[in-house]
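Data first, discussion second: the structure below is written as structure tokens.
The values are calculated or read from the model by the stated rules, or taken from the named source; none is laboratory data. Quick caveat, the model's predicted, so the values are computed rather than measured. Cβ placement follows ideal geometry from the backbone for every residue including glycine, while neighbour counts extend to all protein chains displayed. Areas reflect the complete protein model, heavy atoms only, side chains present, ligands, DNA and RNA absent. Shrake-Rupley method; radii C 1.70, N 1.55, O 1.52, S 1.80 Å.
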Amino acid sequence: MVWMLMTSGTFSTSSAYSLVCQVDNHSQIYASVWQHGLPIKISFFMLRLLQGRIPTMDKLVRLASVA
């Protein structure tokens, strides 16, 4: 696979971040996730959390059934 945003063809988080920041159709919630100065790992965590891809509730239900 080739990442077309980089001349070398390799993927970088900075190029993905710049692509996300260039999108004109922002929602207020997602715009607050991608803020300048916020560590990128926090932004990705918040994005996964908003999309429901963090299995927090599943783990809590599993722990409650064991106890």
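With every protein chain present, what accessible area does ILE40 have (1.4 Å probe, heavy atoms only), rounded to the nearest 10 Å²?
Using a 1.4 Å probe on the heavy atoms, I get roughly 70 Å².
Round to the nearest 0.05 the FRET efficiency obtained for ILE40 and VAL66 when R0 = 35 Å and r is the Cβ-Cβ distance.
So, using R0 = 35 Å, E works out to roughly 0.50.
If you take the beta carbon distance between LEU47 and SER14 as r and set R0 to 22 Å, what does 1/(1 + (r/R0)^6) give as a FRET efficiency, to the nearest 0.05?
Efficiency, rounded to the nearest 0.05: 0.85.
Excluding ligands and nucleic acids, what accessible area in Å² is computed for ARG53 using a 1.4 Å probe, to the nearest 10?
140
Over the alpha-carbon set of the chain, divide Rg by the Kirkwood Rh and report the Rg/Rh ratio to two decimals.
1.14
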